[in-house]
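A.B. asks: Sharing a structure with you now.
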Amino acid sequence: MVYKVAGYIVSYDQVRSWAHRNGREPPAYGVSAWLDKWFKERRVDNAFRALGVNWPQGTPENPEAANPVIMLVRKSEVDPNSTRRKWAPVKEAEGDRVVKNWLEDEGLHVYWATVPDPYQETEY
């Protein structure tokens, strides 16, 4: 069993650039929390939540493969048939693509991904 999140991946640099273009100053650290707070203040947190994740995730054999990014989470679920190493991706739906179009109109280049165990709390 594993907890999975799915949504759009965006880099920290993209979020910082987007913020500056829109007259905002993100903090040096805690960018995903800052972005999540911004969404809540504008009442768009029902569309997605910002979560700092590693994607791709590292492994015990290759921990340096981890890449820190921000996921704009659209879906989350506990999958009783998956593990951290073997899991089924969550499918992108039409409503998700509407959000993707808005993000791209904002100048963010995003792609859909599923991240198992985003808090990396389980063993491999």
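Please treat every number below as a calculation from the coordinates, not as lab data. Keep in mind the model is a prediction, meaning the values are calculated, not measured. Here the Cβ is made from the backbone with ideal geometry for all residues, glycine too, and neighbour counts use every protein chain on show.
A.B. asks: From the list Leu72, Leu51, Leu108, Leu103, which one is touching a His at 6+ places or on another chain (Cβ under 9 Å) and either at positive phi or in contact (Cβ under 8 Å) with a residue 60 or more places away in the chain (or both)? Before the answer, list the steps.
C.D. replies: Numbers: Leu72 fails: touching a His at 6+ places or on another chain (Cβ under 9 Å); Leu51 fails: touching a His at 6+ places or on another chain (Cβ under 9 Å); Leu108 fails: touching a His at 6+ places or on another chain (Cβ under 9 Å).
Sole residue among the options that is touching a His at 6+ places or on another chain (Cβ under 9 Å) and either at positive phi or in contact (Cβ under 8 Å) with a residue 60 or more places away in the chain (or both): Leu103.
A.B. asks: Look through the range 113-124, keep the residues that are of a type in the set (Ser, Thr, Tyr) and touching a strand residue (DSSP E or B) at 6+ places or on another chain (Cβ under 9 Å), and return whichever of them is nearest to Lys4 (Cα to Cα).
C.D. replies: Here is the first cut: in the range 113-124, the residues of a type in the set (Ser, Thr, Tyr) are 114, 119, 122, 124.
Next cut, touching a strand residue (DSSP E or B) at 6+ places or on another chain (Cβ under 9 Å) only: 114, 119, 122.
On the way: Thr114: 7, Tyr119: 10, Thr122: 12 Å.
Applying the filter and picking the extreme gives Thr114.
A.B. asks: Which residue is surrounded by the most Cβ atoms within 10 Å (Cβ to Cβ), if the candidates are limited to the range 55-112 and must be closer than 15 Å to Lys4 by Cα and small (Gly, Ala, Ser)?
C.D. replies: Looking at residues that are closer than 15 Å to Lys4 by Cα and small (Gly, Ala, Ser), I get Ser82.
A.B. asks: In the range 1-56, what residues are among the hydrophobic types (A, V, I, L, M, F, W, C), within 15 Å of the chain's Cα centre (by Cα) and within 22 Å of Ala93 (Cα to Cα)?
C.D. replies: Correct list: Val5, Ala6, Ile9, Val10, Phe39, Ala47, Phe48, Ala50, Leu51, Val53, Trp55.
A.B. asks: Can I ask one more? Could you list, in sequence order, all residues of the range 8-21 that are surrounded by fewer than 13 Cβ atoms within 10 Å (Cβ to Cβ) and either touching a helix residue (DSSP H, G or I) at 6+ places or on another chain (Cβ under 6 Å) or free of Cβ contacts under 8 Å to residues at least 12 places away in the same chain (or both)?
C.D. replies: Asp13, His20
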